[in-house]
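The structure appears below as structure tokens.
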Amino acid sequence: MIGTVLCYVLLPAARLLRALRDAFFTCRKNVLLAKSTSTQIEGVFAATRGRSIPEEQEALLQQWLEEGAGNSPASESALAVEKVSVTFTSDWLEGSELLMTSLSDLNSAPEVTRCAGQELTELHALASSGPQEHAVAEPTKLPAEESVTVAGSAPWAAEVPQTDHQTAGCATIDVGVQNEDPAVLAWSLARDAETVSTEPSAWPTPAMVQFCPLPTEVPYHEILWRDWEDLSVQPCVPEQVSKNTPLFEFRVMSYNILAQDLVEQGLDLYLHCHPDILNWNYRLPNLLQEIQHWDPDVLCLQEVQENHYWEQLEPSFKEMGFACFYKRRTGTKTDGCAVCYKHSRFQLISLSPIEYFRPGLDVLNRDNVALVLLLQPLLPEGLDLEAISPLCVANTHVLFNPRRGDIKLAQMALLLAEIDKIAKTTEGSYYPIILCGDLNSVPDSPLYKFIRNGELSYHGMPAWKVSGQEDFSQQFYSRKLQAPLWPSSLGVTDNCQYVTPCQPKKLGRRKYSRDFLLQFRFCNVACERPPQLILLEGVTDAKPGINGRFFSLSSGVIRHGLNLTSVYSHFLPQRGRPEVTTMPMGLGATVDYIFYSAEPVANGNRGGECRRLYQDGALKLLGRLALLSEDVLLLANGLPNPFCSSDHLCLLASFGLEISSL
């Protein structure tokens, strides 16, 4: 900008005024093009808002005008000084105000700036130049026309296998003025970035000054690019997907969208964020654009604020073709869970909302909720509905408190018991199951292993260890889990199944006296060690005798028989780092999951190189949207940021459900 003004120092005053106005107009244009993701720009312009131009710039401007005063009458020079001063100040302030009107524009284009050292060289060269260098032609091209890359390609334009029911394009959401926001428009479906490349213009003076752009920060949409992983053919189990087996393909998304009330209640968690990007009016269009772009067939959302759901989210989802169901958390909480599905692809069979709160039970005294749906896939005309199995979809948000693992386990047991009831067939097997949610537990934690392995011995385990979120081992006192974890009055067994109602007693049933039954307490059958009995020294290591101790079955083990495995491996082999789904206080962690039912591998080697302990059955995993690592999210200033409007990343997976021929 300084070099641009210096080129016109010795021009006539009238021409000087016109040139200065044009230069500052061009400067404002350059400022807008040079917006960066760096927070330094934000600080500089925020500091200049509402105050005059810096003293050094005033002095420099006065020097330029004094040097050019000799070529014009005194009165004209005085008038020029006044007009230029006013123009310079107003244009500078207007430019800074224009820059800060929308933080979301910070990512619109790379930074274009002059090297500081070359500006100083240009200043000395022009100040000491002779009269023969003054008569220069007016440049036909300003440095504002430096090569600029238009960042218009969204990272969500990754190639995704499309089926007959899916289209690459999506209808535009009517969000009014918000559509003008580049961060919102970044969710567009453009496949390629549009690049405008022109040669930088040279100044027509002997001491030519070339542009030297500083290293620019990578735009958000390039930092947060997520690849689509095709998993239709697995190296460990090549026979998983048979090309001869027709599949009903669909996509499932799980997304914690961050309730606005929770943002305002915990602003200390988001000190790294500019207040503008935490505003719901800014976040809502971003979230809707992201969901619309990926176009899932089943959508499971957590932290959905109730008034936002009824007033904004549900109407928008219905326009996208979703049928929606919502369950608010109990008590005074204002958010909850929602499950939406495309009514053109599924039909509802049953719906079961779950409230984990149970009055009087310390282990179930929190307000978390869940939803369990049984959906019937809709096949094209000509195929009977019975040719494909129903699908059970569950969505939940488990308690966050890292110290209360006992509550987390009890909530999960209730959810699994409901899934067991909804998904069980008349033959005793299970329909395909997909379990989504924010479980507030890290991979390989006891809670995670319980879901994946189907069994957990919890008796004596510290409560904080269940979720693995934090390490409280140094604390003098920590709550420990005791068996039984919940009372029998809850109606849930240790196998995470509802208690079967007892049959009424039959009249005339034979009654045995206590003395008669005590005669059989030491028989051979009673003295056989149960195969699942846990060996405890001094308790179950000896057979009972007349004067010995009796052993009893341990109730400190919970199980389930749903055979669930995770869509994600929780590790990025290309980067050698773990996957991350959220980033509280700058620390990345995985707490969001999509589990699906599979078949255990017979005599499977758990320490082998295979990605899973299971192989796909009737429900096959075809692909997934890759997650990111902590170091990548740090480059984007964590979560949320101007591009991702939640403190969680969305999870997306593509499944295929076998269609059986009658």
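Brief remarks on what is shown
- Residue match in segment 453-469 (condition: of a type in the set (S, T, N, Q), over 24 Å from residue 593 (Cβ atoms) and modelled with pLDDT under 95): no
- Wholly within segment 526-601, strands (runs of 3 or more DSSP E) carrying at least 1 residues that are modelled with pLDDT of 65 or more, farther than 28 Å from residue 227 by Cα and open to solvent by less than 40 Å² (accessible area, probe 1.4 Å): 557-559
- Qualifying residue in segment 320-331 (condition: free of Cβ contacts under 8 Å to residues at least 60 places away in the same chain and assigned to a helix (DSSP H, G or I)): no
- Residue 291 in a helix (DSSP H, G or I), over 24 Å from residue 395 (Cβ atoms) and of a type in the set (A, V, I, L, M, F, W, C): no
- Residue under evaluation residue 411, criteria (1) at pLDDT 95 or above; (2) more than 21 Å from residue 498 (Cα to Cα), criterion not met: (2)
- Residue match in segment 413-432 (condition: over 27 Å from residue 599 (Cβ atoms), in contact (Cβ under 8 Å) with a residue 40 or more places away in the chain and not polar (S, T, N, Q)): no
- Residues that are closer than 21 Å to residue 621 by Cβ and open to solvent by 10 Å² or more (accessible area, probe 1.4 Å), drawn from segment 433-443: 443
The values are calculated or read from the model by the stated rules, or taken from the named source; none is laboratory data. Predicted model, so just to flag it, every value in this text is computed and none were measured. Reconstructed Cβ throughout: ideal geometry from the backbone, glycine too, with neighbour counts over all protein chains shown. Only protein heavy atoms, including side chains, enter the accessible area calculation; ligands, DNA and RNA are left aside. Shrake-Rupley method; radii C 1.70, N 1.55, O 1.52, S 1.80 Å.
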